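Here is the structure we will look at, set down as structure tokens.
Every number here is computed from the coordinates shown, using simple stated rules; none is lab data. Fair warning: this is a prediction, and the values are worked out from it, not measured in the lab. With ideal geometry, Cβ positions are generated from the backbone for all residues, glycine too; neighbour counts draw on all protein chains shown.
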Amino acid sequence: MERANQMAERQRVLLLTGASRGIGHATVKTFSDNGWRVLTISRQPFDPRCPWEGGAKNHIQLDLADMALVQAEMPRLRDIVGERLDALINNAAVSPKWPDGGKIGALEMGYADWLHIFNVNFFSCLALVQGLRAPLEVARGTVVNMSSIVGSRVHPYASAAYATSKAALWALTRELAADFGRVGVRVNAVSPGEIDTGILSPGTEAIVDRDIPLHRLGKPKEVADLLLFLCSQTASYISGSEIHIDGGQRV
């Protein structure tokens, strides 16, 4: 009973990438409001306007496109995280478009650009899971990878490289769930549809009217609430799943 009380009193720890805007910003606020210690990674320095307690001291400025730097910084990340990591949410992603907001097709992007996108959207996720494996296992924690509806269908605005990276991330989620299951670490993916963030392209209104049964954009807070649920004990038997939050767009 004493050990159970100690576990209940221990502050849970989240490491979140891509925290500076949109879904990431809402996620930090939601977890912080629920008593979590939130560590954030972004290529941008901490913005003092961000409204969560301890944000500046718990922010790590790191460019996830630079895989050599990510590997070099892993010992420092482990020191910052400590012995236990209750949740890792891989949310950082880049989604390039043409200057007019148009889609960049598979035949229109060179290898260097593909690699840049995959480093941020896919390889950095794998590097963080591998590098933080020990504290995740100690905590019997949770990994959530942010996939996307574009990982399973051609989208009129999302680049081919972005879509392919999200499909790969869902495949990685399945593999990690199988690998981690024996030590009690759960791994899932969350697949948003059209969420009201700064990366939406002009013309999204037509998708909302035509393709989404709920006829509205999703809100970042709705995604954040789903992430909080998946990282809680209420979701203790959910692993290896891709949870869709798209207002019915997939149907």
Inset, instruction - With label points built 7 Å along Cα→Cβ from the Cα atoms of ASN34 and ASP66, find their separation and express it in nm. - result: 3.4
Inset, instruction - Would you be so kind as to identify which of GLY184, SER241, VAL81 lies farthest towards the positive end of the dipole of the chain, taking Lys and Arg as +1 and Asp and Glu as -1 on Cβ and the Cα centre as origin? - result: GLY184
Legend entry - Estimated 222 nm signal from helices in the chain, with DSSP H stretches of n ≥ 4 weighted -39500 (n - 2.57), rounded to 500: -12000 deg cm²/dmol
Inset, instruction - For the chain, set up a Gaussian network in which alpha carbons nearer than 10 Å are linked by springs, and say which option among LEU39, LEU217, LEU15 fluctuates the most. - result: LEU217
Inset, instruction - Provide the per-residue ³J(HN,Hα) series for segment 168-177, in order, calculated from phi with Karplus coefficients 6.51, -1.76, 1.60 and θ = phi - 60°, each as a whole number of Hz, with x at glycine and proline positions. - result: 5, 5, 5, 4, 4, 4, 4, 5, 5, 4
Inset, instruction - Extending each Cα 7 Å along its Cβ direction at LYS57 and THR234, get the distance between those two points in nm, one decimal. - result: 3.0
Inset, instruction - Compute the long axis of helix 220-230 from its Cα atoms, compare it with the longest principal axis of the Cα atoms of the chain, and write down the angle in degrees, 0 to 90, nearest 10. - result: 40
Inset, instruction - Compute the label zone of ARG182 within segment 78-111: residues whose backbone N is under 20 Å from the point 7 Å along Cα-to-Cβ. - result: none
Inset, instruction - Grab the beta carbon distance between ARG76 and ALA112, set R0 = 30 Å, and tell me the FRET efficiency rounded to 0.05. - result: 0.60
Legend entry - Proximal lysines relative to LYS57, as straight alpha-carbon distance under 22 Å, when same-chain residues fewer than 8 apart are discounted: LYS29
Legend entry - For segment 81-118 versus segment 153-193, the gap between their alpha-carbon centres in whole angstrom: 13
Inset, instruction - Using the structure shown, list the pairs from LYS97/LYS221; LYS103/LYS166; LYS97/LYS219; LYS97/LYS166 with a Cα-Cα distance above 18 Å, or answer none. - result: LYS97/LYS221; LYS97/LYS219
Inset, instruction - Please state the charge dipole magnitude for the chain, taken about the Cα centre, from unit charges on C-beta atoms (+1 on K and R, -1 on D and E), reported in debye and rounded to the nearest 20. - result: 380
Legend entry - Long-range amide H partners of HIS244 with built H, under 5 Å: SER191
